[in-house]
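Visitor: Before I ask anything, here is the structure I am working with.
The values are calculated or read from the model by the stated rules, or taken from the named source; none is laboratory data. Note that the structure is predicted; figures quoted are calculated from it, not measured. Here Cβ is always computed from backbone atoms with ideal geometry, including for glycine, and neighbour counts include all displayed protein chains. Quick note on the areas: whole protein, heavy atoms, side chains included, nothing else; ligands and nucleic acids left out. Shrake-Rupley method; radii C 1.70, N 1.55, O 1.52, S 1.80 Å.
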Amino acid sequence: MPAATAADLLTWYDRHRRALPWRALPGVRPDPYRVWLSEVMLQQTTVTAVKPYFQKFLTLFPNVTALAAAPEEAVMSAWAGLGYYSRARNLHACAKAVAAAGRFPDTEEGLRKLPGIGAYTAGAIAAIAFDRPAAAVDGNVERVMTRLHAIETPLPAARPQIRLLTQGMVPHDRPGDFAQAVMDLGATLCTPKRPACALCPWMRPCRARSEGLQDTFPRKVKKEKGTLRKGAAFVALRAGDEAVLLRTRAPEGLLGAMAEPPGSPWLPDYDPAKGLLDAPLDARWKRLPGVVKHGFTHFPLELTVFFARVAAGTVAPDGMRFTPREKLDEEPIPGAMKKVLAHALAGPVPVAAPAPPPVREPDLATPPEPEPVKRRGPIPKPPSLRPSDLARVVKRPPKVR
């Protein structure tokens, strides 16, 4: 069986490389800021989901200095909906560190010292942005390498072995292209299901392919689903300015520093029937039918939503605020809480009844127009005197015998 070579992969990559907004064109030096930003966004997230967020960040924060100078609320708001919000906080902290240093470190060791940059991200940035011979091992690379070498050890225990094998294949020339080539191979041909082995540049040296077991790699330990948690969320809509009551979560932990409608703790044994005990203020709360479901990495969540309209001028409780409805897009609201707001505010919005048409006062100075002469209707025809027609009208008496 022939050995897999970087040269074969790079030949394939030169013909079939993906065009991505953060990827430099052939012959163009990559921008470390764009490489770093895209790699952080792509952690646990698909390329399709990242593309619009990447463009939004470049518009709002065109370079690392602009990102470092931005308020944290603006960064979190731009990130809202992308998930894994600790990445956004680390992104902002990393931007401040890079801006203070004046540039990105150009080695794996230097990059690992920055907030939010782990082994994979450091390897990817070092290889792609600075052409260092570093291994960048993400989910796509893990799948390619476990199939190529038929690694029986299940993930995550196999990761050190995968990293060593990948590092051994990195060429000293074009290491950045090699890193992106393996990623593209996993994303386009060596897919999780029904891989297109006939088109793969490493088809012949692939051990899993030779054994007909490519669909079974990588080996994985079955994950256990987390325990279902339940809770209550309270959506208060203020009369007059149509503002919604929000609060900011604690900076650490799940959904840290994100905005949300106030709610209860999330517990496996939470009783929604007692949800009003967790209401943030006195109001005529109405429990809405159904629940809002959301899946986090470690557990599923079900929230019972309570809705209330409060009077104009109602003051927000301590630690909370009213945000006008038209400005909710400016708040860093995560996906789970967007579902809550949609569930509560999706009903028909009351619309004022249309004003009746104005009554025109009679104009006494102008004589009224004469009424049009009524047209005469058609003159009815006299009944026919034909016997056949008279027989229909006149009943003849019976003959007496």
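Visitor: Restricting the first residue to region 254-278 and requiring it to be under 24 Å from Lys327 (Cα atoms) and touching a residue at least 40 places away in the same chain (Cβ under 8 Å), which pairs with a second residue that is among the hydroxyl-bearing types (Ser, Thr, Tyr) and assigned to a helix (DSSP H, G or I) meet a Cβ separation below 8 Å and a spacing of at least six or different chains?
Guide: Between residues of region 254-278 that are under 24 Å from Lys327 (Cα atoms) and touching a residue at least 40 places away in the same chain (Cβ under 8 Å) and residues that are among the hydroxyl-bearing types (Ser, Thr, Tyr) and assigned to a helix (DSSP H, G or I), the close pairs are Gly256/Ser86.
Visitor: Here is a follow-up. Going through Ala179, Ala122, Ala196, Ala129 one at a time, which residue ends up being of a type outside the set (Phe, Trp, Tyr), modelled with pLDDT of 95 or more, within 22 Å of Gly212 (Cβ to Cβ) and touching a helix residue (DSSP H, G or I) at 6+ places or on another chain (Cβ under 9 Å)? Outline the logic, then answer.
Guide: Numbers: Ala179 fails: within 22 Å of Gly212 (Cβ to Cβ); Ala122 fails: within 22 Å of Gly212 (Cβ to Cβ); Ala129 fails: within 22 Å of Gly212 (Cβ to Cβ).
Exactly one of Ala179, Ala122, Ala196, Ala129 is of a type outside the set (Phe, Trp, Tyr), modelled with pLDDT of 95 or more, within 22 Å of Gly212 (Cβ to Cβ) and touching a helix residue (DSSP H, G or I) at 6+ places or on another chain (Cβ under 9 Å), namely Ala196.
Visitor: Of all the residues that make up region 232-263, how many are over 20 Å from Gly83 (Cα atoms) and assigned to a strand (DSSP E or B)?
Guide: Within region 232-263, the subset over 20 Å from Gly83 (Cα atoms) is 232, 234-245.
Those left that are additionally assigned to a strand (DSSP E or B): 232, 234-238, 243-245.
Final tally of qualifying residues: 9.
Visitor: Ok, one more. Could you please give the count of residues in region 36-66 that are more than 21 Å from the chain's Cα centre (by Cα) and either free of Cβ contacts under 8 Å to residues at least 12 places away in the same chain or closer than 24 Å to Ala179 by Cβ (or both)? Outline the logic, then answer.
Guide: First, pick out the residues of region 36-66 that are more than 21 Å from the chain's Cα centre (by Cα): 62-66.
Checking the rest, the ones that are also either free of Cβ contacts under 8 Å to residues at least 12 places away in the same chain or closer than 24 Å to Ala179 by Cβ (or both) come to 62-64, 66.
Of the residues in region 36-66, 4 are more than 21 Å from the chain's Cα centre (by Cα) and either free of Cβ contacts under 8 Å to residues at least 12 places away in the same chain or closer than 24 Å to Ala179 by Cβ (or both).
Visitor: Out of the residues in region 263-283 meeting the condition of being farther than 17 Å from Arg229 by Cβ and of a type outside the set (D, E, K, R), tell me which one is most open to solvent (accessible area, probe 1.4 Å).
Guide: By that ranking, first place goes to Leu277.
Visitor: For Lys56, all conditions in the list (1) assigned to a loop (DSSP other than H, G, I, E, B); (2) at negative phi; (3) surrounded by fewer than 17 Cβ atoms within 10 Å (Cβ to Cβ); (4) not hydroxyl-bearing (Ser, Thr, Tyr) hold save one; what is the number of the exception?
Guide: Every condition holds for Lys56 apart from (1).
Visitor: Tell me yes or no: at least one residue of region 206-225 is touching a His at 6+ places or on another chain (Cβ under 8 Å) and open to solvent by 70 Å² or more (accessible area, probe 1.4 Å).
Guide: Looking for residues that are touching a His at 6+ places or on another chain (Cβ under 8 Å) and open to solvent by 70 Å² or more (accessible area, probe 1.4 Å), one finds at least one in region 206-225, hence yes.
Visitor: Would you confirm whether any residue within region 284-294 is modelled with pLDDT of 95 or more, in a loop (DSSP other than H, G, I, E, B) and open to solvent by less than 30 Å² (accessible area, probe 1.4 Å)?
Guide: yes
Visitor: When only residues in region 165-216 that are hydroxyl-bearing (Ser, Thr, Tyr) and outside any loop (DSSP other than H, G, I, E, B) count, which is farthest from Glu39 (Cα to Cα)? Write out each step before concluding.
Guide: Here is the first cut: in region 165-216, the residues hydroxyl-bearing (Ser, Thr, Tyr) are 166, 188, 191, 210, 216.
From what is left, the residues that are outside any loop (DSSP other than H, G, I, E, B) are 166, 188, 210, 216.
Details: Thr166: 18, Thr188: 18, Ser210: 33, Thr216: 28 Å.
By that ranking, first place goes to Ser210.
Visitor: Out of curiosity, is Thr121 assigned to a loop (DSSP other than H, G, I, E, B) and open to solvent by less than 60 Å² (accessible area, probe 1.4 Å)? Break it down stepwise before answering.
Guide: Numbers: assigned to a loop (DSSP other than H, G, I, E, B): no; open to solvent by less than 60 Å² (accessible area, probe 1.4 Å): yes.
Answer is no for this residue.
Visitor: Residue by residue through region 310-330, note down the ones that are open to solvent by 30 Å² or more (accessible area, probe 1.4 Å) and either over 19 Å from Ala283 (Cβ atoms) or part of a loop (DSSP other than H, G, I, E, B) (or both).
Guide: Scanning region 310-330 gives Ala311, Ala312, Gly313, Thr314, Val315, Pro317, Asp318, Gly319, Glu326, Lys327, Asp329, Glu330.
Results for (1) farther than 16 Å from Thr45 by Cβ; (2) open to solvent by less than 40 Å² (accessible area, probe 1.4 Å), shown as yes or no for each residue.
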site: Leu91; (1), (2): no, yes
site: Cys94; (1), (2): yes, yes
site: Val98; (1), (2): yes, yes
site: Glu109; (1), (2): yes, no
site: Pro115; (1), (2): yes, no
